[in-house]
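Structure record follows, encoded as structure tokens.
The values are calculated or read from the model by the stated rules, or taken from the named source; none is laboratory data. Here the structure is a predicted model, which is why all the values come from computation and not from measurement. Reconstructed Cβ throughout: ideal geometry from the backbone, glycine too, with neighbour counts over all protein chains shown. Just so you know, the surface numbers come from the protein's heavy atoms only, side chains and all, with ligands and any DNA or RNA stripped out. Shrake-Rupley method; radii C 1.70, N 1.55, O 1.52, S 1.80 Å.
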Amino acid sequence: MKKILVGMSGGVDSSAAALLLLRQGYDVTGCTLKLEDKESSDVNDARQVCSRLGIEHITAEASERFREAVKKEFAAVYERGGTPNPCITCNREIKFDAFMQCALELGVDYVATGHYCKKDEFVNEKGETIYRILAGDDKNKDQSYFLCQLSQEQLSRALFPIGDIDKPEVRRLAKEAGLPSAEKKDSQGICFVGKVDLPVFLQQKLKPKEGKVVEIFATEQEREPYTQAALKAGETVADTIAEKGTVAAAESPECNVSGTAATIPALSTEELEKLSQPHKYKPSDGKVIGKHIGAQFYTIGQRKGLNIGGHKESIFIISIDIEHNIIYVGEGHSHPGLYRKGLKIDNSEVHWIREDLKMQIGEARRYLVRIRYRQPLQEATLYQQPDGLYIIFDKPQRGISPGQFAAWYTHQDEEMIGSGVI
């Protein structure tokens with residue numbers, strides 16, 4: 001009988017995962033990672049669920065590594081002017097590394113979590129087993145994005161029991177089994193931030209430094225391409241590029257759009273660099289309209305927290321200059337500073353879940369891409385160049401920020417192929 005260690009958070013998703021595995025005849029043990037120095041209420045909730053299921057519950061110490069690999073890195077990315085995603089880092093460093101090491105020491109065959117995603121496998125022509133991550137069937141809860149940094153080795157021992165059912169069904173199963181977590185609310189926000197606002201949390205970690213808020217103004221003509229109507233029905237990036245010619249995509253399912261080989265704009269490295277450059281401004285480009293407590297406390301696309309009035313529409317952060325401690329803002333959802341057509345990922349930051357599909361220098365492919373959780377998948381072209389991987393979207397994307405993770409999927413079955421830090 002296969003032994004499985006289930007990561008138990010005390011919530012309904014991991015509870016249902018344990019329930020389903022138990023019904024499938026596995027030898028199941030629940031394990032809660034201790035991520036803080038003191039025991040949380042989640043540990044007690046998980047313990048009660050395991051008691052109801054009649055399975056053993058254990059805890060594993062991971063607070064020191066969590067503090068170093070996740071919490072400190074979270075603050076460090078903000079300090080550099082980026083937008084971190086601690087859940088992705090936690091999955092890579094804690095839940096599928098430290099947790100998996102615990103499982104191996106216990107002689108367990110697999111680890112399982114309550115993520116809404118799917119895994120399958122196949123044997124290639126070399127006789128090697130290849131593992132795949134696919135989007136969960138519940139599109140409102142698909143959490144594959146959070147697993148975008150996992151490796152083949154980690155996937156080889158991972159199970160996702162609820163990936164093919166939706167949230168209402170998960171709650172129904174838990175309630176039917178009398179699990180105390182059946183009606184427990186989903187956790188919101190960042191677990192280690194707690195009930196305080198994020199700015200308050202960051203001010204406990206980073207030193208405030210007063211700086212200027214500079215507004216960048218845009219004409220109606222400059223805004224027009226970024227109105228909701230224009231973005232919904234507007235031209236693609238390929239249409240806006242002057243006659244550059246095209247290159248044929250490689251003949252493989254990963255490069256296909258609706259089963260036919262894609263035609264990809266042939267762009268030089270210089271053109272790719274121009275399309276992927278973040279917006280950069282200087283104070284003389286706009287007008288000083290206020291002060292802030294430190295550029296490191298904010299992120300691109302942020303609307304709240306500046307407390308600056310006198311505008312017809314909301315103002316949004318469109319650029320952050322950490323070196324000079326200046327925040328640049330623009331008024332309205334259609335401000336061009338909020339949008340970019342592309343992004344670049346340094347080669348050192350590119351991670352291929354499917355190493356067998358790693359792009360070669362000079363290669364271009366069509367993929368579906370997202371840069372944040374729950375963002376609908378976006379059509380894009382990936383270009384592998386000597387200095388990095390460029391992602392050029394068919395339509396401009398809002399709020400691209402350094403530190404975010406971009407993840408790319410196939411059109412055919414929404415398999416996640418790789419990811420990287422912008």
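At-a-glance table
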{"quantity": "Matching residues in the range 284-307 - criterion: being outside any strand (DSSP E or B) and over 30 Å from the mean Cα position of the chain (by Cα)", "calculated": "S284, D285, G286"}
{"quantity": "Helices (runs of 4 or more DSSP H) lying entirely in the range 1-107 (those with 1 or more residues that are closer than 30 Å to P278 by Cα)", "calculated": "72-79, 86-90"}
{"quantity": "Single condition C102 does not satisfy, out of (1) modelled with pLDDT of 95 or more; (2) under 23 Å from L5 (Cβ atoms)", "calculated": "(1)"}
{"quantity": "Total residues in the range 319-333, condition open to solvent by 20 Å² or more (accessible area, probe 1.4 Å), over 12 Å from F297 (Cα atoms) and of a type outside the set (D, E, K, R)", "calculated": "2"}
{"quantity": "Conditions (1) in contact with a strand residue (DSSP E or B) (Cβ under 9 Å, 6 or more places away or on another chain); (2) surrounded by fewer than 21 Cβ atoms within 10 Å (Cβ to Cβ); number of the one not met by I345", "calculated": "(2)"}
{"quantity": "Residue count, the range 349-403 (criterion: part of a loop (DSSP other than H, G, I, E, B) and either open to solvent by 50 Å² or more (accessible area, probe 1.4 Å) or touching a helix residue (DSSP H, G or I) at 6+ places or on another chain (Cβ under 6 Å) (or both))", "calculated": "12"}
{"quantity": "Sole exception among (1) modelled with pLDDT under 95; (2) surrounded by fewer than 16 Cβ atoms within 10 Å (Cβ to Cβ); (3) part of a helix (DSSP H, G or I) for E254, by number", "calculated": "(2)"}
{"quantity": "Check on R65, of a type in the set (K, R) and farther than 20 Å from L155 by Cα", "calculated": "yes"}
{"quantity": "Residue that is modelled with pLDDT of 95 or more and in contact with a Ser or Thr (Cβ under 6 Å, 6 or more places away or on another chain), where the choices are L343, L377, L389, L368", "calculated": "L343"}
{"quantity": "Among the candidates T83, T113, residue that is in contact (Cβ under 8 Å) with a residue 40 or more places away in the chain and closer than 18 Å to F192 by Cα", "calculated": "T83"}
{"quantity": "Some residue of the range 134-147 being out of contact with any Asp or Glu (no Cβ under 9 Å at 6 or more places or on another chain) and either open to solvent by less than 20 Å² (accessible area, probe 1.4 Å) or among the aliphatic types (A, V, I, L, M) (or both)", "calculated": "yes"}
